[in-house]
Amino acid sequence: MAPSVKRGTPAAAIQGVTLWRRIADDLEQAIMTGAHATGDRLPGEVEIADRFGVNRHTVRRALAELAERGLVRAERGSGTYVEPARLAYPIRSRTRFSEIVGAAGREAGGRLIAHAREPAAADVAERLGLATATPVIRLEILRTADNVPICVSTNWLVAEHMGDAARIYRKTNSITRALAHFGVRDYRRQKTRVSSALADAVDAECLRLGPGRPLLVVESINVTPAGRPVLTTLARFAADRVELLVES
């Protein structure tokens, strides 16, 4: 994890990341470690500016970034307050992002950010029960809750059966509905593996994180009721925004 900016660190010493984003990351870390609890009012702009040795415009941009991440809300004439904590995200045999986010009272979103038809790498082929280099469709999807980035997922499907998956996903904004379009009306998780990693530059930009911030990585294989693999996914969750709950 990238080190947080300490009290009194001058602006000139903060290198490698946009200044306002580095300040936002430091404040986010303070929120996640409990230094600022849900409902607390953050220090005022002048105090934050003095702490980091920056001007108030930079502080306002950092606070706006925190609001975009869903961590704080600004109340005119009163201050900036910490919003509710992490999204509880159950991992179960039928895990559906939109259902989980909706049940938490938030609005789910999904956007296709990249896609390709490509030969399956050995690990992807194994998960889908294919020969190495068999054509697959790769979908890169950014998922949000109340417009706050929650995870970036790489999804692989068998090209022979689902070659038009990118177009269908754009139309439906749902993996479940896209699979249904190709005749897969039901599917379940056969296997899940959870690990951790640090955000690279690409994932950090998508998730509005500083590079090197922690991610929860969920690798899964989804199969039909008959046991045929139809989808394998590598999802990277912003660790400060979700709490994974593994259910049996």
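The values are calculated or read from the model by the stated rules, or taken from the named source; none is laboratory data. What you see is a predicted model; the values in this text were computed from it and never measured. Note that we place each Cβ from the backbone using ideal geometry, even for glycine, and neighbour counts take in every protein chain shown. SASA here: full protein model, heavy atoms, side chains in, ligands and nucleic acids out. Shrake-Rupley method; radii C 1.70, N 1.55, O 1.52, S 1.80 Å.
Quick rundown of the values:
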read-out: Close pairs (6 angstrom Cβ cut-off, 6 or more residues apart or separate chains): closer than 30 Å to ARG61 by Cα in the range 74-100, part of a helix (DSSP H, G or I) anywhere; value: THR80/LEU63; VAL82/ILE31; TYR89/ILE100
read-out: Residue tally, condition basic (Lys, Arg) and open to solvent by 70 Å² or more (accessible area, probe 1.4 Å), over the range 107-128; value: 2
read-out: Unmet criterion (only one of (1) modelled with pLDDT of 90 or more; (2) under 28 Å from VAL242 (Cβ atoms); (3) open to solvent by 40 Å² or more (accessible area, probe 1.4 Å)) for THR33; value: (1)
read-out: Residue tally, condition touching a strand residue (DSSP E or B) at 6+ places or on another chain (Cβ under 7 Å), among the β-branched types (Val, Ile, Thr) and at pLDDT 85 or above, over the range 40-96; value: 4
read-out: Complete set of residues in the range 182-196 that are surrounded by fewer than 17 Cβ atoms within 10 Å (Cβ to Cβ) and more than 22 Å from the chain's Cα centre (by Cα); value: PHE182, GLY183, ARG185, ASP186, GLN190
read-out: Hits in the range 171-200 (condition: closer than 17 Å to ILE141 by Cα, of a type outside the set (Val, Ile, Thr) and in contact with a His (Cβ under 9 Å, 6 or more places away or on another chain)); value: LYS171
read-out: In the range 197-215, residue nearest to the chain's Cα centre (by Cα) [restricted to those that are within 18 Å of LEU87 (Cβ to Cβ) and either not in a loop (DSSP other than H, G, I, E, B) or not small (Gly, Ala, Ser) (or both)]; value: LEU207
read-out: Qualifying residue in the range 186-197 (condition: small (Gly, Ala, Ser) and in contact with a Phe, Trp or Tyr (Cβ under 8 Å, 6 or more places away or on another chain)); value: no
read-out: Condition met for ARG96 (touching a Pro at 6+ places or on another chain (Cβ under 8 Å) and basic (Lys, Arg)); value: no
read-out: Which listed residue is closer than 20 Å to ARG69 by Cβ and free of Cβ contacts under 8 Å to residues at least 24 places away in the same chain, from ALA201, ALA145, ALA178; value: ALA201
read-out: Tally of residues being within 14 Å of LEU139 (Cα to Cα) and open to solvent by 20 Å² or more (accessible area, probe 1.4 Å) across the range 153-170; value: 5
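This table checks each residue for (1) in a strand (DSSP E or B); (2) at pLDDT below 95; (3) touching a Lys or Arg at 6+ places or on another chain (Cβ under 7 Å); (4) of a type in the set (S, T, N, Q).
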| site | (1), (2), (3), (4) |
| --- | --- |
| LEU139 | yes, no, no, no |
| ARG177 | no, yes, no, no |
| ARG185 | no, yes, no, no |
| VAL217 | yes, no, yes, no |
